[in-house]
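Here is the structure we will look at, set down as structure tokens.
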Amino acid sequence: MPVAALLGAFALGLVAAPAPVSARAASAEASAPSCYVTGGGGLEICRDGAEAEGVLIAPAPCAFVRGVQILRLPRAEAPGPLQMIFQGQSPLSSRRRDEPCPERRATDSRDGGSLRTGRSPEALATTLPPSADRFSVDLPEERAAKRGASEPAAEGIGPRDPIAVSGRDWAGEAYSYVFLLGQERVGGNTDPDAEPTGGRRGRRRAERDEPAAQPADIRRRVQIAARTVDFQTFEIRTRTPDGYGLTWTPFTPGGRGTPPNPAPVVDESGKPVASSCPAPAFETHGLAGSISIVDRTYHYVYTDVLPEDCGLAPEKRRTALYLRTSKDLSASKVWSAAKQLAAPLPPGSLVRVARAKGMQRWAVSYTCQRPANAPGGPVADICLQYTPDLNLDGIGALTLYADPVEAGRSPAYLGLRSGGDGSGRFDRSAHFWMTDAQGNLDTPSIYPGKAGFLTWLDRLAPTASGRDTSSLYGRPVYWATWTVRRIGAQ
């Protein structure tokens, strides 16, 4: 039996199969297909009890893995063509090799995140390969301790939620780009169009303000960028010493000296690509999404909080789906102005968009709840729909959620089986999928007939150690495939 098949069989043995999705199934048998129509009535997505699922990784107790994108490189290089990109925990300071990992909480400010990467052969696509930290930030507590300060420094938390995509390879560009989300402290300024801290004006303002005048730790998300030719060494987009220009600065993990201070990515008007609403550091929302290239144009589709909801509590803020485009990721002003595609969406929604595998359509995956009358009730799942064509308006025309939208329910759920806490509760967070180098849907060669390969984190599933001290650390990441067919096709 092939290695991948053995791994898949083992992983499937770790999770229990759910009750059949009778609301959509052809019969009550667990193996009967569960189908729904999408793509303007021209496609049918079917999953049954035999659809492939498994465990991608069960991290160590003090580690986490989230937002795993699998990128097929254009060149087959050792050890394989599949590049895994994901967010992991921030590295710890140097410690004795035999010293145990400390207990850490999901809200620990040390764990804003680290970009991690690893390379995999096709046969091991269902197992996360060994990885290493590629880009992280100095820990606020450590930086404060070095200065003898009693309070953490005011620097941002990050990076997180990486999205990788090829540069202009049709023009001979060798770089790939990774866009990540940092956080900037807002202070008394809640204007998302204002210059974030880090530029010369921001530094002067920070030096001028007294610490007591700063509010609680209020931040907003900003997009930052890195580029690479091998996904092992990275250059970070930073400001020039005068605070006004932009340059690419090499990042050396564990290197001496001051690490690069990333500059926010800006749009065509020169404004930072930043989230709409400020919030406490671990309650910020916005800017997570996907980037795909169609017709030599980059399409960055993401969710952000509706501006009119900024006055609500962070957990009650509804979101909208937005689009920005670009022709050149290396430009000083990268993205177009934001265009709203769909609204409102439930608070905390995560949406990914890419061109479908082998079709001139958009595939749209999003966090959702199964309908109340579905088997198992309204549990967390991942929903998926296709547009009729590549018209961008088709994305906004999709009905992603049933009324009331705030409940987040949709009949277009995949019916995922893996994960959960054993009592019927599931958490399907930070989902992503496998793409080609241009950010569009692809599948491993071991699943050539499938329409996609999905990954997600379950913060309720038991950890490998059996401990339950965090909603994030040590939690497994799962994978699954899905099948789509044209209606009427034989």
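Taking first residues from the stretch 302-323 that are farther than 13 Å from Glu406 by Cβ and in contact (Cβ under 8 Å) with a residue 60 or more places away in the chain and partners that are open to solvent by less than 20 Å² (accessible area, probe 1.4 Å) and among the small types (Gly, Ala, Ser), the Cβ contacts under 6 Å between residues at least 6 apart in sequence or on separate chains come to Leu321/Ala342. Looking only at the stretch 47-85, residues that are part of a loop (DSSP other than H, G, I, E, B) and open to solvent by 30 Å² or more (accessible area, probe 1.4 Å) come to 12 in all.
Determine whether the stretch 263-275 contains at least one residue that is open to solvent by 10 Å² or more (accessible area, probe 1.4 Å), under 15 Å from Thr325 (Cα atoms) and of a type in the set (A, V, I, L, M, F, W, C). Within the stretch 263-275, one or more residues are open to solvent by 10 Å² or more (accessible area, probe 1.4 Å), under 15 Å from Thr325 (Cα atoms) and of a type in the set (A, V, I, L, M, F, W, C). Name the single residue, out of those in the stretch 427-446 being among the polar types (S, T, N, Q) and touching a strand residue (DSSP E or B) at 6+ places or on another chain (Cβ under 9 Å), that is most open to solvent (accessible area, probe 1.4 Å). Restricting to residues being among the polar types (S, T, N, Q) and touching a strand residue (DSSP E or B) at 6+ places or on another chain (Cβ under 9 Å), the top hit is Gln438. Return the only residue of Gly422, Gly488, Gly449, Gly474 being farther than 29 Å from Asp295 by Cβ and open to solvent by 50 Å² or more (accessible area, probe 1.4 Å). Checking each option against the conditions leaves just Gly422. Among the residues making up the stretch 240-259, none is free of Cβ contacts under 8 Å to residues at least 60 places away in the same chain and surrounded by 20 or more Cβ atoms within 10 Å (Cβ to Cβ).
Every listed requirement among (1) open to solvent by 70 Å² or more (accessible area, probe 1.4 Å); (2) modelled with pLDDT under 90; (3) among the polar types (S, T, N, Q) is met by Thr233 save one, (2). Note on the stretch 344-391: residues that are open to solvent by 40 Å² or more (accessible area, probe 1.4 Å) and of a type in the set (A, V, I, L, M) total 2. When the stretch 370-429 is limited to residues that are outside any loop (DSSP other than H, G, I, E, B) and aromatic (Phe, Trp, Tyr), the one that is nearest to Thr455 (Cα to Cα) turns out to be Tyr413.
The values are calculated or read from the model by the stated rules, or taken from the named source; none is laboratory data. Since the structure is predicted, the reported quantities are computational estimates derived from the model, not experimental observations. Virtual Cβ from ideal backbone geometry, glycine too; neighbours counted across all protein chains shown. These accessible areas exclude ligands, DNA and RNA; they are computed on the full protein's heavy atoms, side chains included. Shrake-Rupley method; radii C 1.70, N 1.55, O 1.52, S 1.80 Å.
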